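Presented below is the structure to which this report refers.
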Amino acid sequence: MKLANIIGHGEIIRALCRAVEQNRVNHAYLFAGPAGVGKTTTALAFGASLLCRQPQKGDACGQCQDCRQVDGQNHPDMHRIAPEGASIKIGQMREMLRRITLSPYQGKRQVFLVEQADLMTHEAANCLLKTLEEPPAGTVLILISSRPQSLLPTILSRCQIFTFHPLPAEQVVRILERETAVSREEVAVLARLTGGCPGRAVRLAGVAGGYFAVRQRAVDLATGLGRASVMEACRQAALLAEDKELALIYLELLQLWYRDLLVWMETATPGLLFNRDYLSLVDREARFHSRIRLIAAIKEIEGTRDSLLANVNTRLALEMLFMGLAGAA
Ligand SMILES: [Zn+2]
């Protein structure tokens, strides 16, 4: 992936190309913005432009050995650090520091991508801070975070910060058309559903069995839970807990569903609904819920998603959520 091929985030892309072209690359960057908006994709393309042996106008050439290795995710000077379990641990940071003190294998630079940087433990963050104070020449650190407010201020102050904003729907549509094989009808719904975050749209498009079928099951689950017993809620939780990735997608869909009920209750404006193709069901279901209950449900789902991402017991987390949602309608 070249920076020039990225759809959206034009200003950031131009600033990054300019930095490479004018040889004014910083030691540390923070790419901040919501999950799925394009931070990691951009960081990888930026990494390629930094490691490419014949960059053109600050962008990777896409042809040389370095570019091919970055694309193949096997460039020895491109290092990716991501949470192991619920956090990025001190051991991972020490290993990174050790690597930073050594010379690059192939060229003049080493690039370190720290994904979900806000999940560094306190010790890991302090360890990183030491590197940021005196980074060896040729080291480029790119921190990626959807919760930059959770990072130490001393880390933030040492990074050049780029904030990624959700993309307009038409750009998400172009990305979906390029990267997936879903129908035009699905593309339109997905672009709407994922709030300007193409990564989330692409992930939903790839759901086994087709996105529409999964959404139908999520809507069935939401409507069923409203009238379910605690026993039934636990049974549904156990079923869904078998596949955590799928469970996360269901939670996303459930959250959008309850959000739609709330928006419909407050505004009665079809154009504001993500699931506007379910209008009559939204209208019927909204009558069964109270405003306070819907706000609580949306928050509970958010909390459960965080728990699943932080690797707590999937079944237990889903049981707690579904028992809370059971019998609400
Ligand atoms: Zn190249």
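Any read-out appearing in this document is the output of simple, stated calculations on the displayed coordinates, not a laboratory observation. Predicted model, so just to flag it, every value in this text is computed and none were measured. Reconstructed Cβ throughout: ideal geometry from the backbone, glycine too, with neighbour counts over all protein chains shown.
Could you work out [θ]222 nm for the chain from helices alone, using -39500 (n - 2.57) per DSSP H run of at least four and dividing by all its residues? Round to the nearest 500 deg cm²/dmol.
Details: 15 runs with 180 residues, N = 329.
Theoretical 222 nm ellipticity from helices: -17000 deg cm²/dmol.
What is the pair-distance distribution P(r) of the chain, computed from all Cα-Cα distances in 20 Å bins starting at 0, with each bin given as a whole percent?
In order of increasing distance, the bins hold 28, 52, 20, 0 percent.
Relative contact order (percent) for the stretch 207-325, with alpha-carbon contacts under 8 angstrom and 6 or more residues of separation?
On the way: 97 pairs, mean separation 40.8, N = 119.
Across the stretch 207-325, relative contact order equals 34 percent.
Mind checking the stretch 1-107 for trypsin sites (Lys or Arg not before Pro) that DSSP puts in a loop (not H, G, I, E or B) and that have at most 16 other Cβ atoms within 10 Å? Intermediate results must be reported in sequence, preceding the final value.
Numbers: sites: 2, 14, 18, 24, 39, 53, 57, 68, 80, 89, 94, 98, 99; in loops: 2, 24, 53, 57, 89.
Answer in residue order: 24, 53, 57.
Give the dimensionless ratio obtained when the Cα radius of gyration of the stretch 115-182 is divided by 2.2 N^0.38 Å. Write out the running numbers ahead of the final one.
Numbers: Rg = 16.4 Å, N = 68, 2.2 N^0.38 = 10.9 Å.
In units of the globular-protein estimate, the stretch 115-182 measures up at 1.50.
Tell me the relative contact order for the stretch 169-257 as a rounded percent, counting alpha carbon contacts under 8 Å between residues six or more apart.
On the way: 57 pairs, mean separation 22.0, N = 89.
Reported relative contact order: 25 percent.
Can you tell me how much longer the chain between residue 178 and residue 126 gets when fully stretched, taken as 0.36 nm per residue apart minus their C-alpha distance, in nm with one decimal? Let's see the in-between values first.
Numbers: separation 52, 0.36 × 52 = 18.72 nm, distance 4.10 nm.
Once the chain is fully extended between residue 178 and residue 126, it gains 14.6 nm.
Kindly list the residues of the stretch 234-268 that lie in the label zone of residue 287, defined by a backbone N under 20 Å from the point 7 Å along the Cα-to-C-beta vector.
What the label zone holds, given the 20 Å backbone N cut-off, is 258-268.
Seen from all sides and averaged, what is the projected area of the convex hull of the Cα atoms in the stretch 207-325, in nm²?
Working: hull surface 27.3 nm².
Mean orientational projected area (the stretch 207-325, Cα hull): 6.8 nm².
Where does helix 169-179 land angle-wise versus the long Cα axis of the chain, in degrees 0 to 90, nearest 10?
Roughly 70 degrees, rounded to the nearest 10.
Based on other C-beta atoms within 10 Å, arrange 323, 120 from fewest to most.
Working: 323 17, 120 28.
Fewest-to-most ranking of 323, 120: 323, 120.
Looking only at the chain, where both bridge partners belong to it, what percent of the DSSP beta bridges are antiparallel (to the nearest 5)?
Values: 2 of 21 bridges.
Within the chain, antiparallel bridges account for around 10 percent of the total.
Tell me the relative contact order for the stretch 3-163 as a rounded percent, counting alpha carbon contacts under 8 Å between residues six or more apart.
Values: 262 pairs, mean separation 49.9, N = 161.
Dividing the mean separation by the residue count of the stretch 3-163 yields 31 percent.
Taking the Cα atoms of the stretch 3-163 alone, what are Rg (to one decimal) and Dmax (as a whole number) in Å?
14.7, 41
Between residue 227 and residue 4, what length in nm is gained on full extension when 0.36 nm per residue of separation is reduced by their alpha carbon distance? Working shown, then result.
Numbers: separation 223, 0.36 × 223 = 80.28 nm, distance 5.10 nm.
75.2 nm is the gain from fully extending residue 227 to residue 4.
Hey, how much of the P(r) for the stretch 93-244 falls beyond 25 Å, as a percent of Cα pairs? Provide the component values of the computation, followed by the final result.
On the way: 6447 of 11476 pairs.
The calculated P(r) of the stretch 93-244 puts 56 percent of pairs beyond 25 Å.
Report the net charge of residues surrounding residue 292, where surrounding means a beta-carbon distance below 13 angstrom and charges are Lys +1, Arg +1, Asp -1, Glu -1. It would help to have the intermediate numbers written out before the result.
On the way: positive: 291, 293, 299; negative: 266, 300.
Cβ neighbours under 13 Å give a net charge of +1.
Which of the GluC sites (Glu not before Pro) across the stretch 238-329 are loop residues per DSSP, with 16 or fewer other Cβ within 10 Å?
Values: sites: 242, 245, 252, 266, 285, 300, 302, 319; in loops: 242.
Those that pass, being in a loop and sparsely packed, are 242.
Among 92, 82, 103, flag the residue with its Cα farthest along the positive direction of the charge dipole of the stretch 33-117, charges on Cβ as +1 for Lys/Arg and -1 for Asp/Glu.
Comparing the listed Cα positions along the dipole, 103 ranks first.
Which GluC sites (Glu not before Pro) from the stretch 93-181 combine a DSSP loop assignment with at most 15 other Cβ atoms within 10 Å?
none
Mind checking which of 161, 295, 249 has the largest fluctuation in a GNM of the chain, springs on alpha carbons under 10 Å?
Evaluated over the chain, the most mobile residue of the options is 295.
Calculate the length of the line joining the C-alpha centroid of the stretch 146-187 to that of the stretch 311-327, in whole Å.
If we compute the Cα centre of each part, the gap is 29 Å.
Rank 62, 239, 324 by how far each Cα sits towards the positive end of the charge dipole of the chain (+1 on Lys, Arg Cβ; -1 on Asp, Glu Cβ) and give me just the farthest.
62
For residue 101 paired with residue 23, estimate the spin-label separation in nm (one decimal), with each label point 7 Å from Cα along the Cα-to-Cβ line.
Computed distance between label sites residue 101 and residue 23 equals 2.9 nm.
Taking the Cα centre of the stretch 3-163 as the origin and placing charges on Cβ (Lys, Arg +1; Asp, Glu -1), which of 16, 72, 159 is farthest toward the positive end of the dipole?
16
For residue 302 and residue 269, FRET efficiency with R0 = 30 Å and r from the beta-carbon atoms, rounded to 0.05? Mind showing how you got there, number by number?
Numbers: r = 24 Å, r/R0 = 0.79.
Computed FRET efficiency for residue 269 and residue 302 comes out at 0.80.
How many angstrom lie between the Cα centre of the stretch 49-114 and the Cα centre of the stretch 199-219?
33
Quick one: the Cα spread of the stretch 240-310 along its three principal axes, in angstroms, biggest first?
36, 25, 18
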